[in-house]
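Right, one structure below, let's go through it.
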Amino acid sequence: MQKKTSVAVGISGGIDSAMTAYLLQESGYRVIGITMRTYDENIEMDKTLKSGCFGPAQKENILSASLLCRKLGIEHYIIPLQEEFRHKVIDYFCEIYIKGKTPNPCLVCNAYIKFALLPEKAHSLGLEFDYFATGHYAKIGFNNTLKRYQIRKAKDANKDQSYFLAFLSQEQLAQTLFPLGDYTKQEIKIMAIEKGFTELVERKESQDFLQSSDLEVLFKPEDFNPGEIIDMQGKVIGKHKGIINYTIGQRRNLGISGMPEPYYVLQIDAENNRIVLGPKEYLFKKKCSATDMNWVSLPAPEKKFRAKAKIRQQHSPADCIVTPINDNTIEVVFKEPQLSITPGQGLVLYLDDLLLGGGFIAFSNNEDVETKDLEGFRRGES
């Protein structure tokens, strides 16, 4: 079998993708850089923008990526994906918000665009490469017993990005490299300085999805349907200008005043176009379900098991009991109540540093959490 020696690196213009390309070059790979063009210029945004991956500043990012590849001495190609990104990510983003949930576009983009359509379209345009690589901080390995590719957390716990990779398929993982998984962010910064990329260390990194701070740029006027804001007793305490302006746990910009204590968004009732507010204590839930499960490091389990779950990227994995309902749906009972379990967000399961799989949160509550749901913690089930 001919050895695979070429790799396309997703180049953003930042330090992580630059050092990914450098490390692969040093390992003997033939490296090319590819950058996806996703911004649809028909979507108008204000000139005052924040850091983000989707917006008019993409032109500058693409230029930075091209200059970076020139400095690395590798070829650089821009892959047009505006239409695909609009269909797979933007339409999803809007649809989930309209349903009263909170989307996570990064999870969807990685599964359907960055690790799928980007390398596929690059191949269709005549580019030849064996692997696709990105600057994600995570590790990939192959389990010979299970005959499966597995994802593990990165060496740098503070930078670990495995959460965002929970929906990658076995086919995608087989063709993917993550060189930064064995490095800390500080080690990468030192490496960049030593190799003459000091300007990248000082460059601000993108943290958000949308460069505009105003979600309205993605929605139609009719999506902003006014409705009632109610308390937990059903009393109308205000009016909202569209449920897409709210997310579970939100405290600011609620459009109410005169409450006896701070109120938070407890529920978004899309069916009745209502926002339910209440005290923070009611944001803590012990139970949720997740659908559209993608089992990464093991086949779909048939029996309940213990794990740790993250309900968003910036969340410490929490002890839980997982009960499979079917291959695509699970029920999760946490050992301790969790704050702001938000429908639409990703729920990702871990066993130590091994990412088991992930799905999208469907609902959360404290109802029906009976003694039997917590038996596994007392027995020490594994």
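Taking the C-alpha atoms only, the angle from helix 58-72 to the longest principal axis of the chain is near 40 degrees.
Can you give the local net charge around I230? Use residues other than it whose beta-carbon is closer than 11 angstrom to its beta-carbon, Lys and Arg +1, Asp and Glu -1. Intermediate results must be reported in sequence, preceding the final value.
Numbers: positive: K235, K239, R274; negative: E228, D231, D269.
Here the count lands on 0.
A simple spin-label model places the labels of N253 and E26 4.3 nm from each other, with each point 7 Å out along Cα-to-Cβ.
At a 10 angstrom cut-off on C-beta neighbours, averaged per residue, how do the peptides 215-227, 107-119, 304-316 rank from highest to lowest? Don't skip to the end; give the middle numbers.
Numbers: 215-227: 13.3, 107-119: 21.4, 304-316: 17.6.
Per-residue mean Cβ counts within 10 Å order the peptides as 107-119, 304-316, 215-227.
Sorted largest first, the spans of the alpha carbon positions of segment 284-379 along the three principal axes are 29, 28, 24 Å.
Taking Cα atoms only, the orientation of helix 15-26 departs from the longest principal axis of the chain by about 40 degrees. Applying 0.36 nm per residue to the separation of E271 and K147 and subtracting their alpha-carbon distance, the gain on full extension is 40.2 nm.
Provide the FRET efficiency to the nearest 0.05 for the I193-E75 pair, computing r from the beta carbons and using R0 = 35 Å. Walk me through the numbers on the way to the answer.
Numbers: r = 25 Å, r/R0 = 0.72.
So, using R0 = 35 Å, E works out to roughly 0.85.
Where a ≥ b ≥ c are the square roots of the eigenvalues of the C-alpha gyration tensor, would you call the chain rounded, which needs a/c under 1.5, or, failing that, prolate if a/b is larger than b/c, or oblate? Here the chain falls in the oblate category.
Extension gain for the segment D40 to L125, taken as residue separation times 0.36 nm less the Cα-Cα distance, is 28.5 nm to one decimal.
Estimated purely from DSSP H runs of n ≥ 4, each contributing -39500 (n - 2.57), the mean residue ellipticity at 222 nm for the chain is -5000 deg cm²/dmol once divided by its residues.
Three principal axis extents of segment 81-223 based on alpha-carbon atoms, in descending order, are 51, 41, 34 Å.
Tell me the net charge near L349. Cut-off is 11 Å between Cβ atoms, L349 excluded, with +1 for each Lys or Arg and -1 for each Asp or Glu. Let's see the in-between values first.
Numbers: positive: R306, K308, K310; negative: none.
Here the count lands on +3.
For K121, the aspartates and glutamates whose Cα comes closer than 17 Å to its Cα, not counting residues fewer than 8 places off in the same chain, are E75, E83, E84, D130, E171.
Roughly speaking, what is the centre-to-centre gap between segment 293-370 and segment 196-253 when only Cα atoms are used, to the nearest Å? After rounding, the separation between the Cα centres reads 25 Å.
Would you mind telling me the antiparallel percentage of the DSSP bridges in the chain, rounded to 5?
Looking only at bridges with both residues in the chain, the antiparallel portion is about 70 percent.
Relative to the longest principal axis of the C-alpha atoms of the chain, give the angle of the C-alpha long axis of helix 185-194, reported between 0 and 90° and rounded to the nearest 10°. Here the helix axis deviates by roughly 30 degrees. Highest average first, the peptides 162-168, 187-193 ordered by how many other beta carbon atoms sit within 10 Å of their residues are 162-168, 187-193.
Note down the magnitude of the dipole of segment 128-187 about its Cα centre, charges +1 on Lys and Arg C-beta and -1 on Asp and Glu C-beta and zero elsewhere, to the nearest 20 debye.
In total the dipole reaches around 320 debye.
Using a simple charge model, +1 on the beta-carbon of Lys and Arg, -1 on the beta-carbon of Asp and Glu, nothing else, what dipole does segment 224-278 show about its Cα centre, in debye to the nearest 20?
200 debye
For the residue pairs K153/K308; K308/K335; K71/K185; K153/K310; K239/K287; K139/K287, the alpha carbons lie more than 18 Å apart in K71/K185; K239/K287; K139/K287. Over its Cα atoms, what ratio of radius of gyration to 2.2 N^0.38 Å does segment 224-278 give? Dividing the Cα radius of gyration by 2.2 N^0.38 Å gives 0.97.
Every number in this text was worked out from the coordinates using simple rules, so none of it is lab data. No experiment lies behind these values; they were computed from the predicted model shown. All Cβ positions, glycine included, derive from the backbone under ideal geometry; neighbour counts span all protein chains shown.
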